[in-house]
Every structure is written in structure tokens, then in C-alpha cells.
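Some notes on the structure that comes next.
Since every read-out is calculated from the coordinates, none of them should be taken as a lab result. These figures come from a predicted structure and were not determined experimentally. Every residue, glycine among them, receives a Cβ derived from its backbone with ideal geometry; neighbour counts consider all protein chains shown.
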Amino acid sequence: MTARLDNVRAFASQIKDALGASNSISESSVKRALFGAYAKLWNDAEEAGEQEVLEELRQLRSELRMPRCKAANSMLAKLSMLLRLLLTVFVAGAGCACLLALTPLRWMHPFLRPLGVPNGFLPMDICMYFWGRSVMAAAGIKVGIIGQSASQQWENSQCGVIVYNHASNLDPFVVNIVARTLAPKYIGKKILFAFPFFGWFCLAVGMVPINRGDREKAVHTMNETVGGIMRRWGRSVAVSPEGTRSTDGHLVLPFKKGAFHLQEQTKAPLLPVVIFGAFDLWPPGQLFATPGEVTACVLPPQPAASLDKSAQRLALQRTLASRLAQHPEEAAARPLSWTAATEHLAILACDFAIFWQFSRLYSDMAAAAGLGTMGICSLLVVLTVFVAVAVDQLM
């Protein structure tokens with residue numbers, strides 16, 4: 001242990017020297033590289049069970065906090081954030097209202113699967129993908145992929161536990177775009193499912209709420225509900241092994257055990273996705289995201305081997321930390337290009353055309369039923385959610 005403590009103290013001096021020599025442009029990439037060394041020390045100490053070393057590393061972590069973009073604090077940037085936040089809330093909410101009316105499409109899934117239609121190409125999966133693209137377009141976020149796509153990297157793993165680093169509220173939308181051919185289900189905080197329209201929509205399309213305040217119930221949900229989705233329908237699920245969003249831009253260590261309990265129960269592989277730049281665009285405490293491009297890298301599957309849960313967890317921590325530390329100068333978010341901005345405008349134009357048609361449909365139904373528009377919308381929401389949740393076990 002003494003030798004490892006010496007290494008940690010030497011690393012503390014290295015942090016001061018490296019940050020003292022860096023300028024404002026390179027500070028982010030320097031800290032990303034330093035966290036790669038930090039994570040290696042952490043994983044080695046955790047594997048050896050050296051609590052004193054881990055405590056010293058905890059004290060050092062604050063030195064590596066990622067800087068925030070100062071341009072996001074200008075009045076013009078704040079006004080832009082507010083306008084895009086309102087646009088994104090509208091697009092997400094209107095999209096949820098439209099998709100709630102389309103959730104009976106899920107009834108077709110059990111009949112299409114025997115015909116060879118895979119997950120990701122089922123009717124509701126396609127709708128979900130385009131809804132996610134619309135939300136990201138409204139936010140001004142473009143997603144790029146480094147290296148092989150998910151379909152190439154995971155071609156022999158159609159059902160698995162998708163694990164990703166969680167640095168921003170954008171992350172599930174990024175994963176939804178990157179892993180579109182698997183159309184994963186998501187595990188989220190229970191409170192999110194209480195929000196009107198969005199929460200109802202998540203329940204209606206089979207997302208899974210989890211009570212993080214009750215460990216026993218959380219484990220039961222992971223093993224029974226989520227495991228059942230995977231075993232019964234060959235669905236992948238997506239979860240962040242960190243258990244919470246990063247507050248400093250780096251991996252939250254150690255990982256929680258939920259994803260590894262699930263892997264042990266289902267014998268499914270872990271399917272890692274590494275997201276770059278999401279923290280830069282939307283760190284905690286910032287009103288909304290800054291426009292830009294995030295990138296993601298799909299890594300090879302980590303099979304359910306003979307390793308126990310602790311060994312699998314350490315292996316994943318090493319894998320994600322190592323990939324995040326590679327080419328730190330290229331890991332930052334990039335400005336939004338004019339090509340991407342034009343693409344987003346085209347997506348939003350299509351969205352508003354669809355929303356207009358749905359609003360006319362709701363108005364016609366309200367007139368035919370002798371109800372107000374709000375009355376028919378409320379009735380549709382209640383009936384759709386009730387039916388969708390009732391038949392969820394069959395879908």
C-alpha cells in the first residue's frame with residue numbers, strides 16, 4: 001500500500017505541474033488526460049482493496065473538475081438557451097402527444113416479430129427514433145459516431161445491457177440515435193414518470209421506472225421487470241452504470257452494481273457506448289444546452305463470462321476510462337456546422353407539419369364528440385395510457 005500511496009502523492013504533484021503549464025485552450029484536454037491516469041490509480045487501488053489510497057484519490061478529484069464554457073454566460077447565449085429550451089419543450093411535448101395516440105402500434109409488434117422484423121424496425125421503434133432526432137434538432141445538438149456503428153460493432157449481440165457514461169441530460173437521446181437498430185428500453189428515476197405527457201409517454205412505450213431510494217425494490221425491478229423485457233422479447237436496455245450524472249465532467253467511480261446484477265441474471269453482454277462532449281454542452285447548473293456536436297464511440301461487447309460482478313464492474317470501469325482518456329484533444333464538443341443546422345431546420349419543418357395535422361385531427365374528434373379540444377385530448381391521453389400499460393406484458 002505504501003508504494004501505491006507514494007504513486008498517488010506523486011500524481012498530485014503531476015496535476016499541479018500540468019495545470020500550471022496549461023493555458024485556457026488546452027486545460028480541458030489536459031484534465032481529460034490526467035483523469036485517465038487518475039482512473040487507473042483508482043481501479044488498481046479498488047482491485048487491491050486499499051481504502052486509504054481511495055480516500056486520498058477522492059481528495060484529489062476536485063482538482064480535475066472540467067472548466068465550463070465562459071461564452072455560455074453572455075446575455076446573448078442565455079437568451080438563445082431560453083428560446084431553444086422553450087422550443088425543445090414544445091417539440092418534446094407535442095411529439096409525446098402525437099406518439100401517445102400512436103402507441104396502439106405496439107400491438108402489431110408480436111405479429112411482426114415472427115415475420116422477421118427485428119427490434120429497431122418495428123413501427124413504434126421507428127417513431128421513437130424520429131422523435132428523439134426531433135428533440136435533438138430543437139436543442140441544436142448533432143450526434144456523430146467515431147469508428148464502427150452499433151450494427152457493425154454489435155452485429156452478434158442483438159440483446160444486451162447498453163452502458164454509457166452519464167455526463168448530461170442529453171445522454172439518453174444520444175444513445176437512442178447511436179443504438180437505433182436495437183431500440184433499447186431505458187431505466188429512469190421514478191419521479192420522471194410523474195411528469196404529464198412525458199411520463200405517461202414513457203410508461204406507454206415500455207420504459208421502466210426505478211425507485212433509487214429503496215435498494216430492495218430497485219434490485220427487484222432490475223431483475224424481474226427489466227430482465228423479463230430482455231428475456232421475453234430480446235430487447236436491449238440502456239442504463240448508466242454510474243447511477244447518476246457526473247458533476248465534474250468525468251466518470252463517477254465506483255460504478256453501481258445494478259447493471260452487473262442484470263447481466264448476471266440475463267447472461268446478456270454489456271454493450272458499451274462512450275459519449276464525448278455532452279458535459280461541455282450542458283453541464284449541471286446551466287439553464288440548457290449550448291448548440292454543438294457531440295460524438296460517441298461504440299465499443300466491443302463485454303460478454304457475461306465466468307467473472308463475478310465485481311470483476312465485470314472493474315473491467316468496465318477500466319474500458320470506459322481508457323477510451324475517454326484516448327486523444328483528449330479530440331474529445332471536446334464541436335461547434336454546430338451550417339450543414340447540421342440546415343438539417344435541423346428541415347427536421348423541425350417536418351415536425352411542425354405533423355403537429356399541425358394531429359392538431360386538426362384532435363379538433364375534428366372534439367367537434368364530433370361534442371367535447372372541447374382539451375377534453376378530447378385528456379380523454380385520449382387517459383385511454384391510451386390505460387390501454388398501453390394494460391397490454392404492456394403482451395408487447
Checklist outcome for this item: For the chain, the convex hull over Cα atoms projects on average to an area in nm² of 21.2 nm²
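With charges set only on the Cβ (+1 for Lys and Arg, -1 for Asp and Glu), what does the dipole of the range 72-339 come to about its Cα centre, in debye to the nearest 20?
520 debye
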Checklist entry - Which of the listed residues, LEU54, LEU41, SER13, is farthest toward the dipole's positive end in the range 2-64, when Lys, Arg count +1 and Asp, Glu count -1 at the beta-carbon? => result SER13
Checklist entry - Once a ≥ b ≥ c are taken as the square roots of the eigenvalues of the Cα gyration tensor of the range 314-366, is the result rounded (a/c under 1.5), prolate (a/b larger than b/c) or oblate (a/b not larger than b/c)? => result oblate
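With a 10 Å radius around each residue's Cβ, average the other Cβ atoms per peptide and rank 203-209, 174-180, 151-157, highest first.
So the order, starting with the most tightly packed, is 174-180, 203-209, 151-157.
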Item to check | Karplus-derived 3J(HN,Hα), 6.51/-1.76/1.60, for each residue of the range 80-85, Hz, glycine and proline x | outcome: 4, 4, 4, 5, 5, 4
Item to check | Sorted by Cβ neighbour density within 10 Å, fewest at the top, the residues HIS327, HIS109 | outcome: HIS327, HIS109
Checklist outcome for this item: Of 353-361, 48-56, ordering from highest average Cβ density within 10 Å down gives 48-56, 353-361
Item to check | Debye, to nearest 20: dipole size of the range 43-95, +1 on Lys, Arg Cβ, -1 on Asp, Glu Cβ | outcome: 960 debye
Checklist outcome for this item: Along the dipole axis of the chain (charges at Cβ: +1 for Lys and Arg, -1 for Asp and Glu; origin at the Cα centre), the most positive-end residue among GLY258, VAL208, THR181 is VAL208
Checklist outcome for this item: The set of residues whose placed amide H lies less than 5 Å from the amide H of CYS69, leaving out same-chain residues fewer than 5 positions away, is none
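Quick check on the chain: helices-only [θ] at 222 nm, where DSSP H runs of length 4 and up contribute -39,500 (n - 2.57) each and the sum goes over total residues. Nearest 500, please.
Values: 16 runs with 213 residues, N = 395.
Calculated from helices alone, the mean residue ellipticity at 222 nm is -17000 deg cm²/dmol.
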Next on the checklist: If you average the C-alpha positions of the range 276-344 and of the range 125-204 separately, how far apart do those two centres end up, in angstrom?
Outcome noted: 13 Å
Checklist outcome for this item: Whole-Hz Karplus couplings 3J(HN,Hα) for the range 243-248, θ = phi - 60° and coefficients 6.51, -1.76, 1.60, Gly and Pro as x, run x, 7, 7, 5, 9, 10
Checklist outcome for this item: Once amide hydrogens are built 1.01 Å from N within the peptide plane, the residues lying 5 or more places from GLY243 or on another chain with amide H under 5 Å from its amide H are LYS256
Next on the checklist: Sorting check: for 2-15, 265-278, which peptide has the highest mean count of neighbouring beta carbons within 10 Å, and how do the rest follow?
Outcome noted: 265-278, 2-15
Checklist outcome for this item: Of all DSSP beta bridges having both residues in the chain, the percent classed as antiparallel (nearest 5) is 25 percent
Checklist entry - Between TYR186 and residues 5 or more places away or on another chain, which pairs have amide H atoms under 5 Å apart, with H built 1.01 Å from N, and which residues are they? => result VAL208, ALA238
